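Every read-out reported here was derived from the displayed coordinates using simple, explicitly stated rules and does not represent laboratory data. Small disclaimer: the values here were computed from a predicted structure and weren't measured. Heads up, the Cβs are rebuilt from the backbone with ideal geometry, glycines too, and the neighbour counts pull from every protein chain shown.
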Amino acid sequence: MDFKAAYRRFRTWQRDPFDNEFDSQDTQHCNNCGHDFVGNYCPYCSQKSGLGSITWRSVWRSVAEVWGMHSRSLPYTLLQLFLRPGYMISDYISGKRQVSFPPVKMLVIVGVMGVIVDFLTGAINGMVKTMSGEKMSYVTDVFSWLNVHLNGVFPPPSDYLNKVFMWLNTHPDVFSLILLSFLIIPIYYIFRFAPRNPHHTLPQGFFVQVFSTAMLLILNMLYDITAQGLLVALLGAVMIYVTYRQLFGYGVWGTLWRVILAFVCGFTLLSILLNTNYGFHLLREQRVDVARGFFLNVPIALAFLLIILAFSYYISKPRPKGKQ
């Protein structure tokens with residue numbers, strides 16, 4: 001077997017998976033209405049070109065269409081999502097809608113599948129139990145450490161805070177959607193001048209994160225089934241990297257540092273939400289002094305976020321040849 005040739009065919013499929021078998025200027029004969037035409041479909045009756053006698057391939061296509069396994073099906077879209085994620089997303093946001101099952105509908109279906117897998121596997125203790133030993137304990141520790149060093153004080157363990165983290169942990173689909181939604185604006189600025197898909201829009205960024213969320217939910221199902229938290233986490237990191245490299249066209253290091261900064265910005269926005277939420281909770285409990293410390297974290301985090309975005313924007317912005 002020629003592995004190099006197989007890899008080249010795979011790379012060609014990654015960049016353009018569409019079947020152009022009949023995309024030529026040759027005259028086709030429609031077996032349905034009898035007209036001759038040029039193109040993929042008969043302009044008189046709309047039958048696809050190349051359809052002739054019934055073969056085993058015809059049987060497979062008929063069965064596949066019943067179960068939604070055609071070119072725009074959910075299974076085929078999920079296959080593309082793991083074999084050519086960035087290219088597929090790039091095709092979709094650039095106008096090639098036939099390359100994908102409707103993404104929002106896909107996210108809903110995958111989310112429901114995730115709930116079913118959680119129920120069947122008994123994986124109701126959260127997505128990081130195997131990795132950390134306890135639900136979201138590492139998040140609580142980081143949250144505590146930051147406030148100790150920024151505010152000089154951290155309130156005693158709070159049932160409210162624990163409930164927030166436990167809820168996020170036991171609802172990984174919602175947690176993934178929240179976190180990735182915070183990436184829309186950072187990605188918009190950090191990858192603003194990318195070689196591929198430059199000047200992408202915020203609505204396009206929304207669909208980028210919808211596809212990414214569906215991918216992470218499938219990986220969460222894999223974790224539920226295998227309980228291999230570290231392996232699935234590494235696979236998720238690799239898939240995110242591959243997605244953004246294919247989508248925006250930067251090199252290895254150009255993609256890596258931008259992805260890292262984008263997720264730093266995403267977690268910073270999440271921390272702003274958590275600090276604000278917990279600050280209001282402390283105000284309701286009349287703990288004004290402690291709440292003030294949490295509210296002070298918000299402008300600090302915003303300043304940190306703006307510095308990262310400004311730095312990334314400046315580094316990535318093209319310069320006139322005479323000023324490089």
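Here the Karplus relation 6.51 cos²θ - 1.76 cosθ + 1.60, evaluated at θ = phi - 60°, turns the backbone of segment 281-297 into coupling constants of 4, 5, 5, 5, 8, 6, 9, 5, 4, 5, 4, 4, x, 5, 5, 5, 5 Hz, with x for every Gly and Pro.
Each of Asp16, Asp118 was scored by other Cβ atoms within 10 Å of its Cβ. Listed from fewest to most, they are Asp16, Asp118.
Shown in residue order for segment 180-195 are the 3J(HN,Hα) couplings computed by the Karplus curve 6.51 cos²θ - 1.76 cosθ + 1.60 at θ = phi - 60°: 5, 5, 6, 8, 4, 5, x, 4, 4, 8, 5, 9, 5, 10, 5, x Hz (x for Gly and Pro). Packing, taken as the mean count of other beta carbons within 10 Å per residue, orders the peptides 295-304, 208-217 from highest to lowest as 208-217, 295-304. The ranking of Arg15, Arg245 by Cβ neighbour count inside 10 Å, starting from the fewest, reads Arg15, Arg245. Less than 5 angstrom separates the built amide H of Tyr41 from those of Ser49, all sequence-distant by 5 or more or on a different chain. Exposure proxy for Cys33, Cys42, Cys265: other Cβ atoms within 10 Å of each Cβ, ordered fewest to most, give Cys33, Cys42, Cys265.
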